[in-house]
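One structure below.
The values are calculated or read from the model by the stated rules, or taken from the named source; none is laboratory data. Just so we're clear, the structure is a prediction, and the values are computed from it rather than from any experiment. As a convention, Cβ positions derive from the backbone with ideal geometry for all residues, glycine included, and neighbour counts pool all protein chains shown.
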Amino acid sequence: MSEQITFTIDGKQCTAEKGDTIVAAAKKNGVYIPTLCDFEGLKPAATCRVCTVKVNGAPTTACSATVSQGVEIESNTEEITNIRKAVVEMMFVEGNHFCPACEKSGSCDLQALCYKYQMMVPRYDFTFPRKELDATSPKLLIEKNRCILCKRCVRSSITTNGKSLFAVAKRGNKTVIQMDKTLAADLSEEQAKEAMELCPVGAILKKETGFVTPIGQRKYDAAPIGSDIESNA
Amino acid sequence: MSKPVVATASLAGCFGCHMSILDIDERILDLIELVEFNKSPVDDIKTFTKQCDIGIIEGGCCNSENVHNLKDFRKNCNILISLGECAIMGGLPAMRNGIPIKECIEEAYLDGPTVADCNEKKILPNDDEIPMILDRVYPCHEIVKIDYFLPGCPPRADLIWNAVAALVTGGELALPYEVVKFD
Ligand code: SF4
Ligand code: SF4
Ligand code: FES
């Protein structure tokens, strides 16, 4: 059996297994740490920074750092909540997030974090980018104005003959995700669904599935993101 | 003591936010006990007749008239609220942001599928009476100072009610999870 360790999150005594990431360890103890780029089964990339915590006073990303014996973790403090909210607001203004017209609205992790932190208005100016919306492939579309560059799609295992469906193109603030049109043409229903579910926002969408769930029954209509974890506390 | 005075306007919006104001249902009776309305589509008063306490703005600014109206509201209202996605971030009209204005106008009046065959003289509306369209749609707080923001498309009636009641009575603003939504 793996080694059990103890530590604290915001003063609460916690136990986890050695080697657990802080996000996973927190979850086991009924503490929700918000994540966007983290995805079960994918190697952490720590691209979004929304999971920021302080470990013995030093800021770090809880999705990539592992927990160690005796550490004191700060998570739901005013300071860290404000950092997370700022990160969410930055991602929001960097894209075109017209939620009322978005297929993912109600089930979108970015929007759900805006709700959690009650973002009435972002503190930053909107950038209104003009990026491409690629709807040329039969089953999937990619709306790059909604992409938060979490790279979950790129890190995923959706491949054909070892070739990845998604890749990163360009650099800096020009960075975009490209979808391989040839591979996208032969996707199975399952693969298309998997690709859509990988994306935390409404950037990758399976065609003809938008708005199927009525308002009121969508993932985050009734309860805030993370409340399932917190209710296990 | 006289009642607080409220004014409202719809700029580049669809009037959905105003509909949501009416959606407070029978509480509208409490509302008229609490406040007096001045310039607003609710009572059809067209010009300010006194200094107002609360101005509620639906819609962002897509043309010169919106900007003029918004500045007028800022001048005549002590507290200004951006109500709804369009006022807060431009909303659906701002989907044209990033597209050059020339392209937008040509699509709307010359090339779009519903106009391509019927505008033979290639007329672009340019009457002096028509407000000048802006290069993009501006959130209200990019034009004037806005004091409070109430998101939603439309904002939930409960959010509007809670906010106005809190402002008028000086109480805490109740923000349960269900009332802060962007759609
Ligand atoms: S991706 Fe999410 S945040 Fe962006 S428009 Fe869609 S629902 Fe809103
Ligand atoms: S398309 Fe979606 S999954 Fe891929 S990087 Fe953008 S937000 Fe992440
Ligand atoms: S979830 Fe940790 S950095 Fe994105």
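Which pairs have Cβ atoms under 7 Å, sit 6 or more apart or on different chains, and link a residue in segment B:104-118 that is farther than 20 Å from B:ALA94 by Cα to one that is charged (D, E, K, R)?
Partner pairs satisfying both residue conditions: B:LEU110/B:LYS122.
Any residue that is crowded, with 20+ Cβ neighbours inside 10 Å and either over 22 Å from A:ALA46 (Cα atoms) or within 16 Å of ligand 1 (Cβ to nearest atom) (or both) - is there at least one of those in segment A:131-138?
yes
Okay, residues lined up against (1) within 16 Å of ligand 1 (Cβ to nearest atom); (2) free of Cβ contacts under 8 Å to residues at least 12 places away in the same chain; (3) buried (at least 20 other Cβ atoms within 10 Å of the Cβ); (4) not basic (Lys, Arg):
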{"site": "A:CYS63", "(1), (2), (3), (4)": "no, no, yes, yes"}
{"site": "A:MET90", "(1), (2), (3), (4)": "yes, no, no, yes"}
{"site": "A:CYS99", "(1), (2), (3), (4)": "yes, no, yes, yes"}
{"site": "A:LEU110", "(1), (2), (3), (4)": "yes, no, yes, yes"}
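In segment A:137-166, how many residues are more than 16 Å from ligand 3 (Cβ to nearest atom) and either touching an Asp or Glu at 6+ places or on another chain (Cβ under 7 Å) or not aliphatic (A, V, I, L, M) (or both)?
Step one: list which residues in segment A:137-166 are more than 16 Å from ligand 3 (Cβ to nearest atom), which gives A:137-146, A:157-166.
Still in the running and either touching an Asp or Glu at 6+ places or on another chain (Cβ under 7 Å) or not aliphatic (A, V, I, L, M) (or both): A:137-139, A:141-146, A:157-166.
Within segment A:137-166, residues that are more than 16 Å from ligand 3 (Cβ to nearest atom) and either touching an Asp or Glu at 6+ places or on another chain (Cβ under 7 Å) or not aliphatic (A, V, I, L, M) (or both) number 19.
Of everything in segment A:30-42, what is modelled with pLDDT of 95 or more and surrounded by fewer than 18 Cβ atoms within 10 Å (Cβ to Cβ)? Give them in sequence order.
Selection gives A:GLY30 alone.
For residues in segment B:61-100 being loosely packed, with under 15 Cβ neighbours inside 10 Å and within 13 Å of chain A (Cβ to nearest Cβ), which is modelled with the highest pLDDT?
B:PRO100
Evaluate segment A:67-78: report whether one residue or more is within 14 Å of chain B (Cβ to nearest Cβ), more than 14 Å from ligand 2 (Cβ to nearest atom) and under 18 Å from the mean Cα position of the chain (by Cα).
no
Would it be correct to say that A:THR8 is out of contact with any helix residue (DSSP H, G or I) (no Cβ under 7 Å at 6 or more places or on another chain), more than 16 Å from ligand 2 (Cβ to nearest atom) and either within 14 Å of chain B (Cβ to nearest Cβ) or part of a strand (DSSP E or B) (or both)?
On the way: out of contact with any helix residue (DSSP H, G or I) (no Cβ under 7 Å at 6 or more places or on another chain): yes; more than 16 Å from ligand 2 (Cβ to nearest atom): yes; either within 14 Å of chain B (Cβ to nearest Cβ) or part of a strand (DSSP E or B) (or both): yes.
Against the criterion (out of contact with any helix residue (DSSP H, G or I) (no Cβ under 7 Å at 6 or more places or on another chain), more than 16 Å from ligand 2 (Cβ to nearest atom) and either within 14 Å of chain B (Cβ to nearest Cβ) or part of a strand (DSSP E or B) (or both)), A:THR8 qualifies.
Pick out the one residue from B:GLU107, B:GLU129 that is among the acidic types (Asp, Glu) and under 20 Å from B:SER10 (Cα atoms).
B:GLU129
Output the strands (runs of 3 or more DSSP E) that fall wholly within segment A:52-124 and possess 1 or more residues being among the small types (Gly, Ala, Ser), or say none. Break it down into steps so the answer makes sense when it comes.
Numbers: elements: A:52-55, A:58-61, A:72-74.
Because the criterion is at least 1 residues that are among the small types (Gly, Ala, Ser), the strands (runs of 3 or more DSSP E) in segment A:52-124 that meet it are A:58-61.
Within segment A:50-61, which residues are surrounded by fewer than 19 Cβ atoms within 10 Å (Cβ to Cβ) and either among the hydroxyl-bearing types (Ser, Thr, Tyr) or within 16 Å of ligand 2 (Cβ to nearest atom) (or both)?
Matches in segment A:50-61: A:THR60 only.
Kindly provide the set of residues from segment A:181-233 that are within 22 Å of the chain's Cα centre (by Cα), away from ligand 1 (no atom under 16 Å from the Cβ) and of a type in the set (Asp, Glu), ordered by number.
Correct list: A:GLU190, A:GLU194, A:ASP228, A:GLU230.
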